[in-house]
Amino acid sequence: MTDLKSMTLEEITAALRAMGEPSFRGKQVFTWLHRGITDFDEMMNIPKSLHEKLRAEYYITVPTVARKQVSKLDGTIKYLWELQDGNCIETVLMSYHHGNTVCISSQVGCRMGCKFCASTLAGKVRDLTPSEMLDQVLFTQLDSGREISNIVLMGIGEPMDNRKNVLRFLELINHPDGMNIGMRHISLSTCGVVPGIDALAEDNLQLTLSVSLHAPDSTTRSRIMPVNNAYDVEELFAACHRYFKKTGRRISFEYAMIDGVNDHDWQADLLAEKIHGMPGHVNLIPLNDVVESEFKPSKRVAAFQKRLESHGLTATVRRSLGGDIDASCGQLRRKEMKAREGAAQ
């Protein structure tokens, strides 16, 4: 059986023509899939005979809500979606003055091993398919009743570790006959997979690249982010400069503020030095407490921001949303997995 929703309009059209169907059926099927139908019988303008042909060869991915939490503080919604194989992923819907932003996962679990992140504690289980990434946007919109205008790939997983499926997802979500969310409204985050950054530069997509930096020096970064052992921070900054030179697009640097680890003035000075020559934006993130982590939130966020700004850098502090509903990425999935393990014993 083939995952129909992960196919492009052109692929669906070609498959239907091979079945003896007219080309216009391809657009009809594609449009229905991107409206969130859960069964072939819901394709109202398509003959029942084609329903049966499709059902014999294809399936439609449909996630179910395993748990839903709504913040009483700001209305942020955190979903734990159960996939058809029983695995769970997280999606967060946040409302800002400029619209509704959904933060989606790209993998079930993560193998990057960042020491301050809950998503990686159980390791990587598998990659998400393009349809499973699309479903997070589509079914979050349908369930919440809020129109989604922006997407950030900053949930569970490393997008560059699932590059092929992520690029297919971007093609699908951007399609005018689908959800039609423009590339300029999409941010893709990476912890620093240099070959992926170089490849993305060649693709020259009009999205925003966000680099999870968290330290400007190799010693500190290797301590908190094992990826630095594969792609040193110097290689990472070089790739960022190449990316800007190729695309002309500003990079956003994510920086989780960790008490006594990466919040010193000299690190702010070094960060400014490394970014010099390209229009970078530093997004300072008040660290979320993760019970299993040794690291604690910094008390120097404002001072670090001021130090960066003294060098002419644009530095903002990320607004904390959903503080009352397991704010740490990966926490909700981890709790559900523990609950399931306990029930199975």
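The values are calculated or read from the model by the stated rules, or taken from the named source; none is laboratory data. Only a predicted model underlies this, so the values are computations on that prediction, with no experimental measurement involved. Methodologically, a virtual Cβ is constructed for each residue, glycine included, from the backbone with ideal geometry; neighbour enumeration extends over all protein chains shown.
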| message | Just checking, does the stretch 254-265 include any residue being among the polar types (S, T, N, Q), assigned by TED's automatic domain parsing to the domain that holds VAL317, at pLDDT 95 or above and part of a helix (DSSP H, G or I)? | response | no
| Residue in the stretch 58-76 that is buried (at least 16 other Cβ atoms within 10 Å of the Cβ), modelled with pLDDT of 95 or more, in contact with a His (Cβ under 8 Å, 6 or more places away or on another chain) and not in a loop (DSSP other than H, G, I, E, B) present | no
| request: Give the number of residues within the stretch 92-108 that are part of a strand (DSSP E or B) and surrounded by fewer than 23 Cβ atoms within 10 Å (Cβ to Cβ). | output: 7
| field | Failed criterion for LEU142 (all others in (1) within 23 Å of ILE285 (Cα to Cα); (2) modelled with pLDDT of 95 or more; (3) loosely packed, with under 15 Cβ neighbours inside 10 Å hold) | value | (1)
| query | Can you name every residue in the stretch 89-100 that is of a type in the set (S, T, N, Q) and touching a helix residue (DSSP H, G or I) at 6+ places or on another chain (Cβ under 9 Å)? | reply | THR91, ASN100
| Of all residues in the stretch 168-194, which are in a helix (DSSP H, G or I) and under 12 Å from the mean Cα position of the chain (by Cα)? | PHE169, LEU170
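Going by what's in this entry, would ASP198 be described as under 25 Å from PHE116 (Cα atoms) and charged (D, E, K, R)?
So ASP198 does not fit the description; no.
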| message | If I ask for residues that are over 30 Å from ILE173 (Cβ atoms) and surrounded by 22 or more Cβ atoms within 10 Å (Cβ to Cβ), which ones from the stretch 195-220 would you list? | response | ALA215, PRO216
